[in-house]
Structure formats: C-alpha cells, structure tokens
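> Here it is, the structure in full.
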Amino acid sequence: MARRGRYVILQWPMRELPSGTVTFLFTDVEGSTRLLDTLGAAGYAAALAEHRQVVRGAFAVHGGVEVDTQGDAFFVAFPTAPGALAAATAAAAALEGGPIRVRMGIHSGTPLLTDEGYVGVDVHRAARIAACGHGGQILLSAAARALVGDEGLLDLGEHRLKDLSAAERLYQVGDASFPPLRSLYRTNLPVPATQFLGRGRELAEVTALLAGDGPPLVTLTGPGGVGKTRLALQAAGAAADRFAGGVFWVPLATLTDPRLVLPELAQAVGARGELVEHISDQHVLVVLDNFEHLTGAAGDLAGLLAACPNLRVVLTSRELLRLPAEQAYPVPELSPEDGVGLFVARARAVRPAFEPGAAVAELCARLEQLPLALELAAARVRVLTPEQLLDRLSGRLDLLKAGRGVDPRQQTLRATIEWSHELLDAEEKRLFARLAVFRGGWTLEAAEAVCDADLDVLQSLVDKSLVRALDESRLFMLETIRELATERLDESGDVEALSARHARFFSGLAAALAPGFESSDLDAFRCGEDELPNFRVAFAWLLEHDAAGALTLANSLRDLWFGRGYLHEARRWYADALGRHQRVDRDRAEGLAAASVIASLQADWPETRRLAEESLRVEYEAEGLVYASAVLTLGRALLAEGRPDEALERFRQAEELASASGSAREVAMARFNAGYLELDRGDYRRARAWFEAARDVFDASDHKYGAARARAALGAIALHDGRGDEALPPLRESLEIARSMGDRDNLAWALELCAVAVSEPDPALAARLFGAAEALRETLGSTLEGAELVLHERGLASLDSLEPGALSEAWQEGRRLMPEEAAALALQGPVR
C-alpha cells in the first residue's frame, strides 16, 4: 500500500477491477494478538488460514475482487452493493462459532480507477468504517444502505470517524448487541474543510506523546502558518481511543482575557460546576489552540493539570509556556515531497487540469514549505504559472531575508501574505482591512451591514485564500492573515466608526435572537454561540462608550448564558455592566435579576439573595412594580437556606406577578419550583398538581426545556409513589423532547429516572442507563441530592441480582454510550 498526496493508493496483481459506482468491503480480525497468545502460533496459523479460505470463497461467489491483503485484513471491491452485503453476511455466518471474529465495513462510492489502482476518499472512508466495529459486526455507510435498502439493518445514528470528517450515519446488519462503536464521541473537534496531507512522521510522534506516560502538556510550537493547529487536531482524533472522557477543542484566538481560558475550557467539556471536579480522574484530552497571547493563564493551566491526573493537553503556541509538566514539540515545515503534494492539491482545487513542472519544487522551497504560504501561492495558479509566481515572489523574499533577529520562516510567511495583499485592487484592500473588525468569523449579512461588503469583492477574497469558508453560512480569516488586516484597518482611520457599527449590529442581532434563546430554540442557540466572539467584542466596546447598551446586550444574551452554561463569563459581564450602569431603571433591575439567577445556578446562595433583593428594590423604585424573576430566585435562595414555607410564599407571589404581566414561562417556572419544594417535603399529591400545572403552561408556550423537565418530574413522582409502570410514559416523552433538542441536562435526569423505573424488571438495562446518566452528569458538573438521591439508592438496591462482574461491565458499557445512544436504549424499554 502506498500513499500519494491526499489519497490512499492500493496496488494489486493485474486483474480487472470494477469501475463507476463501486462498493468497498474492508475486513479485519478482532484481537489477533490475544488469539495468538490463546491458540499458540500453530493454532492461530491454522485458524487464520481457515478464515482466509472462508472469506475468499464468499467474496468470489458474490463477484468481489480482492484488491489488497495485509496480515489478517482484506480489502475487496464489488460491482454492486447487494453483492458486497451478501458476501459479508455469508462470511460472517460461516465464521460464527469459530475462534476468529471479524469486523467488516461496507461503503459505496465513485472512486477514480487509475493504472495504479483506486484513488479517492471512498477507500479511506470504507477502511475507517470497518475500524469502528467489533468482531462479528458488519457496518454500512449511508451510501451503501441507499443501494441495498433498509431490510435487516439497524440505524446506529451519526458517528464521527477518526479522520475528523463530518458525521457519517452508520447501519448495522442485524440487531445483535455490540459495545459502542469505536468512533469519535464526546468530542467537538471541528470538521476540516480540506484533507489532511503528509505529516505522517509528525502525526505518529505527537500521537505517541499524547498516548504515552510522559508530561501531560504537549506544546506544539512554530511560526504562524506552519500547521500547528491542523497537526494538533489530527493527532487528537488519532489518539481518541485512549480518552473515554472525551476529546475537546478549545479555540482561543478570539479571547483577550487570560481569565477566560479555564471558563472557555469548561464550556467546551460541558462542565457546569467546578472544572476540576468535573474532569476529576476522567481520561480527557483537550486541544488548546492559539495560546501565545494568553500566557497569563499558564498558572491556571498548571493547577488544573496537577489536580486532574488523567487530563492531557495538546497546546498550540508560538512560544513555550515553560511549565514543569510541559513537553515541547517544535513543528517543522513540510518535507519537500509533502510541500509539493500540498501545493498541487490546492492548485487543482482552483484549476483541475493543473500539472506540476520543475518550477513547483523550487517555488515550494522558496516558500520554506510553509503550508499557509503554499496555499496562498496555489490560490493564484488560476491566472499565474508557477514560474510567474516564483519570479514575482522572489524579490520580496530576498528583501526580507536581509533582516536579522526574526525567524526566517515567519519572514517568508509575512512576505507571502503582504504580496497577496498587494495584488488586490483598491476595493478588495478596503474590504480586507474592514473585515478585521470581526472575531471568530462573520456572515454575509454582517459583512454587508458593518463593512458595506460587496458580494463579488468578498468572493474574490475567498478565491485568493485570504478569506475562508467556515461552513455554509460563515466566513473567517486565519489569525495570521487577520494580523495584517488589523494593521491595515488601524492605518485606515476607520476603527472607531466600524467598531460602533459592529456593536450596533450585534446588539441588534442579540435582541432578535433573545426570544429564541428564551424558548430554547436550537437554531438560535447555534447562532448565538457562533457569534459569541463578536458579542464579546461588541460588549467591550459598549462598556467603554455606552454602559446602558452594554447592559442591554448582556440582558439579551441572558437565556443563552443559562441554556448553554456560560455562567462564569456571564457573572463577569453582569459585574462589569452593573458596575458601570448605576441608573435606577428597568434595565438595571432586569440585569440584577439575571445575575441573581446565575448565582443560584452556581449555588452561591448569599449572592443570589443579595442580587434578588436589590433587583426588587430597583424595580420598585423605578416603576412601582416588583419583578417576577427576582421573586422566584429569592424563593430558591430561601429554600436553600432551609425556609420552605417562606420559599413557597415567594413562588406563589412570583406566579401571580408573572400571570399579571403575561409571562407564561415564569408562571410555569414558579409552579415547577413549588412542585419541587413539595416533592422534597414528600407531599406527592401536591407536587404532582404543581408539576402538571407547570407542564400545561410549558406546552402551551412551546417551551421545550420546561416541557421535558416537567415530564421528568412527573415520572419522579410516580417512582416515589411506587408506580414504576406509570413513570415510564412521561419519562420517555421527556427523553424524546430532550433528545430532539440536544438538551443534555434533562437527558441526564430522565435517563437516571428510567434506570430506576426498569431496575426491577431488567437490572442489566438499568445498570447501563445508570452508567450513561452518571457519565452525562459528570460532563454537566451536576450531582444527585435530596429526593433524586433517594430514588438513585432505591434503584441501586434492585441491582443486587446481578453478579458483580456483570454489573460493572454493564455500568461501564453505559458510560461509553453517546447520549443519543443511551436515549435510544432507554426508549426500547426493559426485557421482561
């Protein structure tokens, strides 16, 4: 097997391979090392020979052509998908009961067939699908499933493969039970826009550092544009098997405050409480990307690593942190072969017929084999030949190389970016500079409103690789390129005017999204999180120029903070905005009420009460009214202080105030809190009445988070009352709602309650659900207490019928499930 450029190329003896739409089948023996130890060399060789005979016979009968064989693995091409499926099922049936268990992956595509074999990503994709499976399991891609139909297939949902490609929906032949797939899970690693090329040695070295027993911090250093981020992400994906707690990417380029590094990390890993408690002893891998301007957070990072023994961090930076637990890894430029391969691949993306000549290797050498410099130059081959590129770049490169004291690779990159900029016309240069006002990307609408962007001019910047597509709706600049754009913007004299327009636009966007945040609309949440870097920039500008506007922006984002758990940052925003905006008005009262809720979510009850009481005072002084939200939060503080009668009175008062003002959500929240109070006191009849009343209002106002929460609470009431069968219907409704929204908070609670509900009829299922709920709570930083803990202990008592080994195995299997998989398992119901 050889690798050329972006593709895997398989070489085979001369024979006819199918072309056009081809279905690939990859097979591999599970646990070959273990089998060798168990069977001995002679026994294993005999079993392996029998396995080869069986699978080759099945392939031949159904039209398969053996493309490649390596050790105990086969790569076979079929002219039809049904033929590949029939061969796989026949081989699996023949091997059943024997010592060898084979995992198989099937994928259909239209690869290019050349004199050297198949070329294309479909080969790579089929191999990755097979690698996800377990012995005896046959997996199909969505493309293959479309050609064979649904009969006999089990939908396993979407899975990220370790090549970091977009999620792939996978299907299993038959309904047998297997452990979770070996795909990327508990991850937010981004989907790269282009294929990872070259870097085989570096990838292996960094992956080994992450998987080994060395320092927990691996810092990839090098100049901008050398490829640190891409290497870090690829290595994280490759090492994912070692990190059951998850693999997470934390982009830091848009942050300016070192104090936000750990809160940003907490948000990425899903920690709602203390970050150290959330990670604890879990095996977690984090990629901290672009750290060089936030070295003030190095001490915080060192403390986190010391407190979490199984946390590993791969960090990209232009300089080392100089921490004792740090392993340095300088990222080199590409090898000459990889540099030419990258240039050619990017050139063919803009000019498909491009063929490299002798000048390409010289051009890549002059560009120091720096990936970003190569990509910028390759973007110009639509109008310039490599010889012309070399001629035009050489003068500038020679001029810069005369300097001293600067990394020559950084000089090369700077020269390449400046050269690309100089080739722009006046309109392109103007827009290039203005786009520096954005952080973390922008939409076309934002570019038009803030920068007066013309679509054709913007497209031209994309074509020249100075602007890139982040996804279908967003564009961005690499930080190295944005540095030059920022310099040009500063020189233009437009900074203040553009910053004001930027702040106005994003304040208006936040206000427009606020109703969606309130109703837990997924699209609103996605948009809000996409624009969070821009909201931060707008808030900082408003804080200096318009304190009332800063507080208004914070209030607009209130339900984004609540719904997505940006609690640490939200408290800072409110502290800053309320400190600047001292006027007694409704905005201040609303801000104080929101800050009170945030403090309550962090169990800071003294601060919760102080802020709620001040909100009530300000609201009354401003308008002669009191604010339902503050009354509700004050009730929660009183309940935490052990004063349930006073708390219930506040909940009732909040319900009346919310009803009078027409705030359905707060009416429902007041009722829900009253129900939870009665649940804790053991009055299930009253609790049920409150929860049902809350559910009805949540449903009528289409508040999905509340609707899921109320149904889970009704299930809890039934369990406390000893009516497990009656608990399952509302719990399943809660699961369905939470799953559809990606609401992990309610999902964790409903899974926990479902585990209790099925603990007697199906203790094995209950153990898996308990494990899944526990893992999810850890990602949220939440714990069980009060009435929830009582139910948990009751459910655990029912698991005594399981052998300790079986209990532990089922529990750990549940912990490895993705939340969506755990929900699907709970919805299947118990085996009676």
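The values are calculated or read from the model by the stated rules, or taken from the named source; none is laboratory data. Fair warning: this is a prediction, and the values are worked out from it, not measured in the lab. Because the Cβ atoms are built from the backbone with ideal geometry, glycine has one as well, and the counts that use them run over all protein chains shown. Remember, those area values only see protein heavy atoms, side chains included, never the ligands or the DNA or RNA. Shrake-Rupley method; radii C 1.70, N 1.55, O 1.52, S 1.80 Å.
> Compute the relative contact order of segment 610-744 as a whole-number percentage, counting only Cα pairs closer than 8 Å that sit 6 or more residues apart in sequence. The partial results should precede the final answer.
Values: 173 pairs, mean separation 19.7, N = 135.
Reported relative contact order: 15 percent.
> Give me the distance in nm between label points sitting 7 Å out from Cα along the Cα-to-Cβ direction at D213 and R169, one decimal.
That separation, rounded to one decimal, is 4.6 nm.
> Another one. Can you give the local net charge around P533? Use residues other than it whose beta-carbon is closer than 14 angstrom to its beta-carbon, Lys and Arg +1, Asp and Glu -1. Can you show the working numbers first?
On the way: positive: R439, R474, R482, R536; negative: D257, E264, D289, E479, E529, D530, E531, E569.
Charge balance in the 14 Å sphere: -4.
> Quick one: dipole size for segment 440-493, taken about the Cα centre, charges +1 on Lys/Arg Cβ and -1 on Asp/Glu Cβ, in debye to the nearest 20.
On the way: 5 positive and 13 negative charges, 38 e Å.
Dipole of segment 440-493, to the nearest 20 debye: 180 debye.
> Rounded, prolate or oblate for segment 572-640? Axes are the square roots of the Cα gyration tensor eigenvalues, ordered a ≥ b ≥ c, and the cut-off for rounded is a/c under 1.5.
Working: a/c = 2.52, a/b = 1.25, b/c = 2.01.
Since a/c reaches 1.5 but b/c is at least a/b, the shape of segment 572-640 is classed as oblate.
> Grab the beta carbon distance between S473 and A45, set R0 = 60 Å, and tell me the FRET efficiency rounded to 0.05.
0.60
> Continuing with this model, one more query. So how far, in whole Å, is the C-alpha centre of segment 667-704 from the one of segment 40-109?
Spelled out, the Cα-based centre of one part sits 57 Å from the other.
> Run the helix sum for the chain: -39,500 (n - 2.57) per DSSP H stretch of 4+ residues, divided by residue count, reported at 222 nm to the nearest 500 deg cm²/dmol.
Working: 37 runs with 495 residues, N = 832.
Computed ellipticity for the chain at 222 nm equals -19000 deg cm²/dmol.
> How would you rank 220-226, 154-160, 334-340, highest first, on the average number of other Cβ atoms within 10 Å across their residues?
Ranking, from highest mean packing down: 220-226, 334-340, 154-160.
> Let me ask another. Let me spell out the model: positive unit charges on the Cβ of Lys and Arg, negative unit charges on the Cβ of Asp and Glu, origin at the Cα centre of the chain. What dipole size does that give, in debye rounded to 20?
Values: 87 positive and 120 negative charges, 267 e Å.
Result for the chain is approximately 1280 debye, rounded to the nearest 20.
> Ok, one more. Give me the accessible area per residue for the chain, probe 1.4 Å, as a whole number in Å². The partial results should precede the final answer.
On the way: 34250 Å² over 832 residues.
In whole numbers, the chain has 41 Å² accessible per residue.
> At 1.4 Å probe size, put D762, D587, D115 in order of accessible surface, largest to smallest. Walk me through the intermediate numbers first.
On the way: D762 20, D587 55, D115 155 Å².
Sorted by accessible area, descending: D115, D587, D762.
> Test of understanding: what is the full-extension gain from R685 to R34, defined as 0.36 nm times their sequence separation minus their Cα-Cα distance?
Values: separation 651, 0.36 × 651 = 234.36 nm, distance 5.77 nm.
Length difference between fully extended and current span is 228.6 nm.
> Run the accessible area of the chain with a 1.4 Å probe and give the carbon-and-sulfur part as a rounded percent. Intermediate values should be presented prior to the final figure.
Numbers: 17440 of 34250 Å².
Summing carbon and sulfur atoms, their accessible area is 51 percent of the total for the chain.
> Can you give the FRET efficiency to the nearest 0.05 for E387 and T110, using r as the Cβ-Cβ distance and R₀ = 35 Å?
Numbers: r = 35 Å, r/R0 = 1.00.
For R0 = 35 Å, the calculated efficiency reads 0.50.
> Determine Rg/Rh for segment 463-567; Rg is computed over alpha-carbon atoms and Rh is the Kirkwood hydrodynamic estimate from the same atoms.
Working: Rg = 15.2 Å, Rh = 15.0 Å.
Radius of gyration relative to Kirkwood radius: 1.01.
> Looking at the chain only, what percent of DSSP beta bridges run antiparallel? Nearest 5 please.
Values: 37 of 62 bridges.
Antiparallel bridges make up about 60 percent of those DSSP assigns within the chain.
> Hey, rough spin-label estimate for E355 and S394, points 7 angstrom out along Cα→Cβ, what's it come to in nanometres?
2.4 nm
> Tell me, what does the Kirkwood hydrodynamic radius of the chain come to in angstroms if you use every pair of distinct C-alpha atoms? Working shown, then result.
Working: mean 1/r = 0.0336 Å⁻¹.
After inverting the pairwise mean of 1/r, the radius is 29.8 Å.
> What is the spin-label model distance, in nm, from A511 to R572 if the labels are put 7 Å beyond Cα along the C-beta direction?
2.7 nm
> Here is a further query. How would S615, S801, S499 rank on accessible area, largest to smallest, probe 1.4 Å?
Numbers: S615 0, S801 90, S499 25 Å².
The residues order as S801, S499, S615, largest area first.
> Restricting to DSSP loop positions (anything but H, G, I, E, B) with no more than 13 other Cβ atoms inside 10 Å of their own Cβ, which GluC sites (Glu not before Pro) remain in segment 405-492? Before the final figure, lay out the partial values.
On the way: sites: E418, E422, E427, E428, E445, E448, E472, E479, E483, E487, E491; in loops: E472.
Passing both the DSSP loop test and the Cβ count: E472.
> Using only the heavy atoms of the protein chains and a 1.4 Å probe, how would R744, R504 rank by accessible area, largest first? Walk me through the numbers before you get to the answer.
Numbers: R744 95, R504 155 Å².
From most exposed to least exposed: R504, R744.
> Charges on Cβ only, +1 for Lys and Arg, -1 for Asp and Glu, centred on the Cα centroid of segment 444-567; of L458, A554, A469, which one is farthest towards the dipole's positive end?
It is A554, whose Cα lies furthest towards the positive end.
> Work out, step by step, the length gained on full extension between S808 and N310: first 0.36 nm times the residue separation, then minus their alpha carbon distance; give nm to one decimal. Display every interim value, and only then the final one.
Numbers: separation 498, 0.36 × 498 = 179.28 nm, distance 2.08 nm.
Full-extension gain reported as 177.2 nm.
> What FRET efficiency do you get for D425 and A325 if R0 is 51 Å and r is their Cβ-Cβ distance, rounded to the nearest 0.05? Write out the running numbers ahead of the final one.
Values: r = 50 Å, r/R0 = 0.99.
It comes to 0.50.
> When only Cα pairs under 8 Å and 6 or more residues apart are kept, what is the percent relative contact order across the chain? Intermediate results must be reported in sequence, preceding the final value.
On the way: 1434 pairs, mean separation 58.6, N = 832.
Relative contact order here is 7 percent.
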